[in-house]
Amino acid sequence: MRLVIMGPPGAGKGTQADGLATRLGIPHISTGDIFRANVTQGTPLGIEAKRYMDAGEYVPDGVTNAMVRDRLSQDDCRPGFLLDGYPRTLEQVGELDEMLKSDGLAVDRAVELTVVVDEVVTRLLKRAQEQGRADDTEDVIRRRLEVYAEQTAPLTAVYESRGILVRVDGMGTVDEVTARLLIALGA
Ligand code: AMP
């Protein structure tokens, strides 16, 4: 299964993707996690990415695409993968298609986690207190939600037109949402 999970910041994507990937026996690939690991290690990629992340903006497509291409070429992705936080722009959608097409593959399913925006801001502020993420301040959260609405939400239409989009209600407990996801994916 080659899956993409989408949804605004704070929708619980990371948590759900983790559980789902374990359940399906495929790697969970979070571009946000990979960027954060690079920031922590102080790599050139991390130094470049941090400028954008701290402002709530997207890291440039060229940088992000190269990173994903490299990750997807690794052996553990052969049976499939769950991409979390990628693609986020139309250009990334096209790039992902190209990466897979060269091996005769395609995205099988895209899942959109839907949420109530006010609820999401509350969740993110709570996470800011618990984890101290640099991009979880109120201003940056609002900017991230705006960027999502402008640049990423429209992408669901692309997957919808291909007939591979499933929408899942992301409100509720972690277990409730996991159960809905498994049903929606027929897993
Ligand atoms: P996330 O953990 O998915 O919320 O991502 C945190 C931040 O990493 C985002 O706000 C962006 O700055 C950056 N990022 C993650 N994935 C991407 C992507 N596909 N394209 C551009 N920037 C990304």
>> For K126, give me every one of the lysines with a C-alpha distance below 24 angstrom, ignoring sequence neighbours fewer than eight places off in its own chain.
In response: K13, K50
>> 5 Å is the cut-off here: which amide hydrogens, built 1.01 Å from N in the peptide plane, fall below it relative to D169, excluding neighbours closer than 5 in sequence?
In response: T114
> How much accessible surface does M99 have with a 1.4 Å probe, in Å² rounded to 10?
Replying inline: 20
>> Given N residues in the stretch 52-93, what is its alpha carbon radius of gyration divided by 2.2 N^0.38 Å?
In response: 1.27
>> Using 0.36 nm times the number of residues separating D54 and M1, minus their current alpha carbon distance, what extension gain do you get?
In response: 15.8 nm
> For E146, what charge total do you get from the other residues with a beta carbon under 12 Å from its beta carbon, if Lys and Arg give +1 and Asp and Glu give -1?
Replying inline: 0
> R127 to S73: extension gain in nm, 0.36 nm per residue of separation minus the Cα-Cα distance?
Replying inline: 16.2 nm
>> Running a GNM on the chain with Cα contacts under 10 Å, which residue among A157, A49, A149 ends up with the highest mean-square fluctuation?
In response: A157
> Relative to the compact globular guide of 2.2 N^0.38 Å, what is the alpha carbon radius of gyration of the chain, as a ratio?
Replying inline: 0.98
> What does the stretch 41-130 give for Rg and for Dmax, in Å, if only its C-alpha atoms count?
Replying inline: 15.7, 45
> So what is the accessible area of the stretch 2-185 per residue, in Å², with the probe set to 1.4 Å?
Replying inline: 49
> So what are the ³J(HN,Hα) numbers for the stretch 6-19, from phi and the Karplus equation (6.51, -1.76, 1.60; θ = phi - 60°), rounded to whole Hz, Gly and Pro as x?
Replying inline: 10, x, x, x, x, 6, x, 4, x, 4, 5, 4, 4, x
> What ³J(HN,Hα) values, in whole Hz, does the Karplus curve 6.51 cos²θ - 1.76 cosθ + 1.60 give for the stretch 88-96 when θ = phi - 60°, with x put for Gly and Pro?
Replying inline: 10, 10, 4, 4, 5, 4, x, 5, 4
> So for the pair E150, E138, with labels modelled 7 Å out along Cα→Cβ, what separation do we get in nm?
Replying inline: 2.2
> Near Q131, within a Cβ-to-Cβ distance under 13 Å, what is the net charge of the other residues, with Lys and Arg +1 and Asp and Glu -1?
Replying inline: +1
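The values are calculated or read from the model by the stated rules, or taken from the named source; none is laboratory data. What you see is a predicted model; the values in this text were computed from it and never measured. Methodologically, a virtual Cβ is constructed for each residue, glycine included, from the backbone with ideal geometry; neighbour enumeration extends over all protein chains shown. To get the accessible areas, we keep the full protein, side chains included, count just its heavy atoms, and leave off ligands, DNA and RNA. Shrake-Rupley method; radii C 1.70, N 1.55, O 1.52, S 1.80 Å.
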